[in-house]
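The values are calculated or read from the model by the stated rules, or taken from the named source; none is laboratory data. Computed from a predicted model, the values in this text were never measured in an experiment. Here the Cβ positions follow ideal geometry from the backbone for every residue, glycine too, while neighbour counts run over all protein chains shown.
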Amino acid sequence: MLKRFSKYVFQSVASMMGQSVYILADTFFISVSSGADGLAVLNLILPVFGMMFAIGSMIGIGSATRYGINRAKGEEADHYFTQSLSWAILFSVPFMLVGIFFPDKFLALLGADAGLIELGRTYLRIILIFAPFFMCNYSVTAFARNDYATSTVMAGSLAGSAFNIVFDYIFIFPVGLGFSGAALATAFCPIVTMLVCSRHYLSKKCNIGFKWKKLSVRHLISCCQLGVSAFVGEISSAVITFIFNMLILGLTGSTGVAAYGVVANLSLVGMAIMNGMAQGVQPLISESFGKGAFDDVKKLLHWGLTCVVAIEIIMVALVWSFTDPFISVFNSENNQLLLEYAHVGLRLYFLGFLFAGVNIVLVAYFSATANARPAIIGSLLRGVVAIGICAIVLSRIFGMNGVWLSFLTSEVITLIMVLILARHKESRKTNAYV
């Protein structure tokens, strides 16, 4: 079982890191072609990615988790995949409509001024029109992962990332599309990933059914309950970015937002690793839980927590050791003020990852064992409530340093709350372990 755990975790982390390159590659090439203004616009648009990814992951990962549990129990689950894709497409429609008719107003709502709106209008329009692909990608990859095709999912994610990197350069520079070219390269990434994953769905190894049933809201809610942790894991980036953008605009202006763009994009890689750990262990926990193998559930949780703590320490050590080299990659104009803001911000912000990974794995564990209540409470606390309150309060006391430290503070609060929930759960002698 340890060998299987290692394989799943490694491949899931690689897949999630591949997905994070969607935006990281944009950040680098846009910093070269558009400078600080380009970074500021991209950071203002990041919450849009967060919203799309959050809804897509809640539907896709939640449905795949419920599918894995029910299949392990021997129950009928052949309609879960088609339901998941159908709901993802329906929920993508509002994003498409906003992209077609209201990109300017939406950018203004996100805090962009006239100049930034002009620069980012077409980028946002393209991204929103391609919303169905971004959102369906979660269903395609999550079900393949729960059908033990983790190698194919990893290959798909890496192929999408490679496409993004190559065509970011081609569209922005040789073709001369600039900011819009970065959007096109990013928009085609999930399509490439899904095409690679389709190899599994068309193969004889595929155990996923394609049975059609009338769309059921009750079914959707049942699945989404187990996808809330994934939803908050993604939406937290959108919420954090939006709140931070508003606070930083008031404290330091667009240069501070550009500095936060560097911090936010590097944190995407860290968050991808943490989410990859959680998504790697989730199918195994769901399977063991569905079979009633609670000793295996306990082992898997222990291994997951041990690995994530080790990765947290290594990640923070790397950021503190190579702070300025990381920042310089995205600071093509050698903006000294941006460097000063980002240097302090990157170091203080990444301290939060010492606790974030543990929180993410624990919340994923609750979801994988069909224990929705602590998963929802822990997810909402770390992704929305605690981070929002901490950012507002600490920024008024410590200024920019308070903004950077709010991530660490909120994760500590969340960990304390999750441990209280876990202890309470154990004391009631339920059928899960912490």
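See the values below:
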| item | result |
| --- | --- |
| Any hit, region 90-111, residues being of a type in the set (Lys, Arg) and surrounded by fewer than 18 Cβ atoms within 10 Å (Cβ to Cβ) | yes |
| Number of the condition not met by Cys189 [criteria: (1) surrounded by fewer than 15 Cβ atoms within 10 Å (Cβ to Cβ); (2) closer than 28 Å to Leu116 by Cβ] | (1) |
| Residue list for region 180-202, filter: over 30 Å from Ile30 (Cβ atoms) and either part of a helix (DSSP H, G or I) or at pLDDT below 90 (or both) | Ser198, Arg199, His200, Tyr201 |
| Every residue from region 103-141 that is of a type in the set (Gly, Ala, Ser), at pLDDT below 90 and in contact with a Gly (Cβ under 8 Å, 6 or more places away or on another chain) | Ala112 |
| Condition met for Leu284 (at negative phi, touching a Lys or Arg at 6+ places or on another chain (Cβ under 9 Å) and of a type in the set (A, V, I, L, M, F, W, C)) | yes |
| Residue satisfying all of: in region 193-232; over 21 Å from Ile285 (Cα atoms) and of a type in the set (Phe, Trp, Tyr); nearest to the chain's Cα centre (by Cα) among these | Tyr201 |
| Subset tally (residues that are assigned to a helix (DSSP H, G or I) and under 20 Å from Leu39 (Cα atoms)) for region 162-179 | 10 |
| Qualifying residue in region 287-294 (condition: modelled with pLDDT of 90 or more, in a helix (DSSP H, G or I) and not polar (S, T, N, Q)) | no |
| Close pairs from region 50-74: first more than 16 Å from Leu284 (Cα to Cα), partner among the basic types (Lys, Arg) and surrounded by fewer than 23 Cβ atoms within 10 Å (Cβ to Cβ), Cβ under 6 Å, at least 6 apart | none |
| Subset tally (residues that are assigned to a helix (DSSP H, G or I), in contact with a Ser or Thr (Cβ under 7 Å, 6 or more places away or on another chain) and surrounded by 17 or more Cβ atoms within 10 Å (Cβ to Cβ)) for region 316-342 | 2 |
| Region 143-154 - residue that is modelled with pLDDT under 90 and either of a type in the set (D, E, K, R) or part of a helix (DSSP H, G or I) (or both) and, of those, surrounded by the fewest Cβ atoms within 10 Å (Cβ to Cβ) | Ser151 |
| Conditions (1) touching a residue at least 60 places away in the same chain (Cβ under 8 Å); (2) farther than 29 Å from Ser34 by Cα; (3) of a type outside the set (S, T, N, Q); number of the one not met by Arg396 | (1) |
| Pair list, Cβ < 6 Å and 6+ apart or interchain, from region 288-306 residues that are loosely packed, with under 15 Cβ neighbours inside 10 Å to residues that are in a helix (DSSP H, G or I) and at pLDDT below 90 | Lys291/Ala72 |
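Let's see how each residue does on (1) part of a helix (DSSP H, G or I); (2) of a type in the set (S, T, N, Q); (3) over 24 Å from Val153 (Cα atoms):
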position	(1), (2), (3)
Val257	yes, no, yes
Val263	yes, no, yes
Ala272	yes, no, no
Gln279	yes, yes, no
Pro283	yes, no, no
Trp303	yes, no, no
Ala310	yes, no, yes
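Results for (1) closer than 28 Å to Leu226 by Cα; (2) at pLDDT 90 or above, shown as yes or no for each residue.
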residue: Arg347; (1), (2): no, yes
residue: Val358; (1), (2): yes, yes
residue: Ala368; (1), (2): yes, no
residue: Val385; (1), (2): yes, no
residue: Gly399; (1), (2): no, yes
residue: Ile413; (1), (2): yes, yes
